[in-house]
Amino acid sequence: MPRRKFADEEVVMGRWPGSVLYYEVQVTSYDDRTHLYTVKYKDGTELQLKESDMRKLHENNTNRYNGEPDITEVNSSSQSILERQRIESERARERILERYSLHPRKEEKRTEEKYSEERIFETPKTVGKVCLKTKELEFGGKIGAFFMIFLLPGTVFYLLLMCTQKDPSVMNFPPPFPTFESLWETRVFGVFLLWFFLQALFYLLPIGKVVEGTPLLNGIKLGYRLNGFYAFILTAAAVGISLYFEVELYYLYDHFLQFAVSATVFSVVFSIYLYARSLKASEQELSAGGNSGNIIYDFLMGRELNPRIGNFDLKYFCELRPGLIGWVVINLAMLLTEMKVQHLNLPSLSMILVNSFQLLYVVDGLWNEEAILTTMDIIHEGFGFMLVFGDLVWVPFLYSLQAFYLVNHPNEISWPIASAIVALNILGHFIFRSSNSQKNLFRRNPKDSKVAHLKVIPTATGKNLLVSGWWGLVRHPNYLGDLIMALAWSLPCGFNHILPYFYVIYFTVLLIHREARDEHLCKKKYGLAWEKYCHRVPYRIFPYIY
Ligand code: NDP
């Protein structure tokens, strides 16, 4: 065991990187391998420091830290030297505060806002930074995680079963759970596997450019092949050929619950594999949120951040391919089934709207595939049961709930109503797409002419925060757009039942919770600069409401 001088939770003086100034910091952890301490400054900034850059608190220092640096570099009793040092240290401090945009003292006058990325200075060195143990557990901790593992599939099956009822009112008693025999069919599982591996094959095709993701904690950038849109075109061609040869997509509707069971079984086995392989992963490859040491919690949250088999990125593949493209195919199957069971020559207007809106969403996501590389899922989330199940079961089987519902619960809508719903969807889509693209472009190239004019707040990490444009309206404009669209997807189902509104209700809860998680992460990451951003942009998702 290497000897360490400072204990966890201990309050010590830590040198601010690149300066002669020492601030009071609290030790949060120590890495035996790199011999670096992770320390937290009063403004929330977390950095890693060498032992030589840290000191014990002065025994006679009764002046508790209030953002004042402790000048301990020179020790002289001379009044003038001390005075010179004081002035010099104030200057140095000003330079550093400006440099890293850190303003630990509340009464400090605000420095002028910087409007250009060029004014951002070097990033504090965090070389050798590795993933730390997860201390703050989410979703109700270990017990919450245990229940989530059952709650997620339970919700899917409850909603799908309810949707098969003639009167799908959630006030009704749930229908009896089907027998195991009726839920499992090996052929269905085979079709699911075929689908999954077909998508994997499309992913492997050497078409589409390879781009770099955002830097990981260790500074490495992973390469990602962008060929999701090609995969979609190839899938469309395959589905078209199947229909030409009279393959009945009705099979998908007829065995819908069995497909959901197959996808769930696959997700469980896949997640076990992911957990097992994560035990061999190096610390640098672990996610910050799924490394608690508790097997259930880490299984749910995902220990490894970017599990890969060679260049095959399992998380990136699952995020956009089998589930997302599968959702469109399921919707199409529902559309054809509706025509069949309702004896229609053309699909209903409601079904056309639901299909078109969701097709647009998926195609747009695949066309702008690169934007996913700056999302929370790719940057922060470990790949465990929650994401696997979300990608492979929740998205395809629950996001298609409106189309599934319309098959047996038709809802006629007039053209004016349909036009209003279309307008709502276009509005939501516009906000969603432009805000996501704006942030993505800004993160990739802040000097791009489309974003270079936007106002920013510099942060201590060297990354800036947008404070004008979409990201100056609310702190999550992309969530706002997504929620407006979610409403537009449910409206074609009418107001007879709440079931088709599940998506917009669940999505509101999810995005509010997600926003809080992101807020927490950003506060940790950006400290005072994030607080400044929140002050400038007070609303989270809904302008003037929330
Ligand atoms: P975001 O794409 O909003 O990513 C959040 C990150 O953006 C932050 O961690 C921060 O990361 C960066 N950021 C935050 N504020 C600013 C700012 N002012 N300027 C610059 N960068 C900023 O979140 P998500 O990954 O949750 O969502 C991505 C999209 O996916 C959204 O449109 C969302 O609606 C959608 N989504 C859809 C789901 C679905 O099931 N349909 C589920 C979840 C999300 P950093 O600073 O490190 O770059």
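Readers should treat all values here as calculations from the given coordinates under stated rules, not as data from a laboratory. Everything numeric here is computed off the predicted structure, so don't read it as measured data. Don't worry about glycine lacking a Cβ; one is built from the backbone with ideal geometry, like all the others, and counts go over all protein chains shown.
Here the calculated FRET efficiency for Arg536 and Phe173, from their Cβ-Cβ distance with R0 = 45 Å, stands at 0.30, rounded to the nearest 0.05. Per-residue Cβ neighbour counts within 10 Å put Phe139, Phe232 in the sequence Phe139, Phe232, beginning with the fewest. Residue-wise HN-Hα couplings along the range 307-320, as the Karplus relation 6.51 cos²θ - 1.76 cosθ + 1.60 with θ = phi - 60° gives them from phi, are x, 9, 10, x, 8, 7, 8, 5, 5, 4, 4, 5, 4, 10 Hz; Gly and Pro carry x. All C-alpha to C-alpha distances of the range 316-452, sorted into 5 Å bins beginning at zero, yield P(r) values of 2, 9, 16, 17, 18, 14, 10, 7, 4, 2, 1, 0 percent in whole numbers. The Rg/Rh ratio for the range 414-539 is 1.06, where Rg is the radius of gyration of the alpha carbons and Rh is the Kirkwood radius. Taking the fewest neighbouring Cβ atoms within 10 Å as the starting point, the ordered list for Glu304, Glu515, Glu212, Glu381 is Glu212, Glu515, Glu381, Glu304.
Please work out how much length the chain gains when fully extended from Ile143 to Ala237, using 0.36 nm per residue of separation minus the C-alpha to C-alpha distance, in nm with one decimal. Could you put the intermediate results ahead of the total?
On the way: separation 94, 0.36 × 94 = 33.84 nm, distance 4.57 nm.
Net length gain for the segment: 29.3 nm.
Please list, in order, the residues from the range 466-503 whose amide nitrogen is less than 20 Å from a point placed 7 Å along the Cα→Cβ vector of Gln165. Answer for the range 466-503: 493-503.
Placing a label point 7 Å from the Cα of Thr34 along the Cα-to-Cβ direction, the residues of the range 200-242 with a backbone N closer than 13 Å are 216-220. Put simply, the amide H of Gly384, placed in the peptide plane, has neighbours under 5 Å in Gly302, leaving out anything fewer than 5 places away on its chain. Using a cut-off of 32 Å between Cα atoms, the listed pairs Lys315/Lys463; Lys142/Lys463; Lys447/Lys524; Lys450/Lys523; Lys447/Lys523 include Lys142/Lys463 as exceeding that distance.
I'd like the FRET efficiency for Ala452 and Glu246, computed as 1/(1 + (r/R0)^6) with the beta carbon distance as r and R0 of 60 Å, rounded to 0.05.
Details: r = 55 Å, r/R0 = 0.92.
The calculated FRET efficiency here is 0.65.
By other beta-carbon atoms within 10 Å, ranking Arg225, Arg187, Arg277 with the fewest at the front produces Arg187, Arg277, Arg225.
Put simply, the amide H of Tyr30, placed in the peptide plane, has neighbours under 5 Å in Thr38, leaving out anything fewer than 5 places away on its chain.
Computed from backbone phi, the HN-Hα couplings of the range 294-299 come to 8, 4, 5, 4, 6, 4 Hz, rounded to whole numbers (Karplus: 6.51 cos²θ - 1.76 cosθ + 1.60, θ = phi - 60°; Gly and Pro given as x). Whole-Hz Karplus values for the range 252-260 come out as 5, 5, 5, 10, 4, 5, 5, 5, 5 Hz, taken residue by residue from phi with 6.51 cos²θ - 1.76 cosθ + 1.60 and θ = phi - 60°; glycine and proline positions read x.
What is the Cα centroid distance between the range 353-379 and the range 259-298, reported in whole angstrom? Centre-to-centre distance over Cα atoms comes out at 24 Å.
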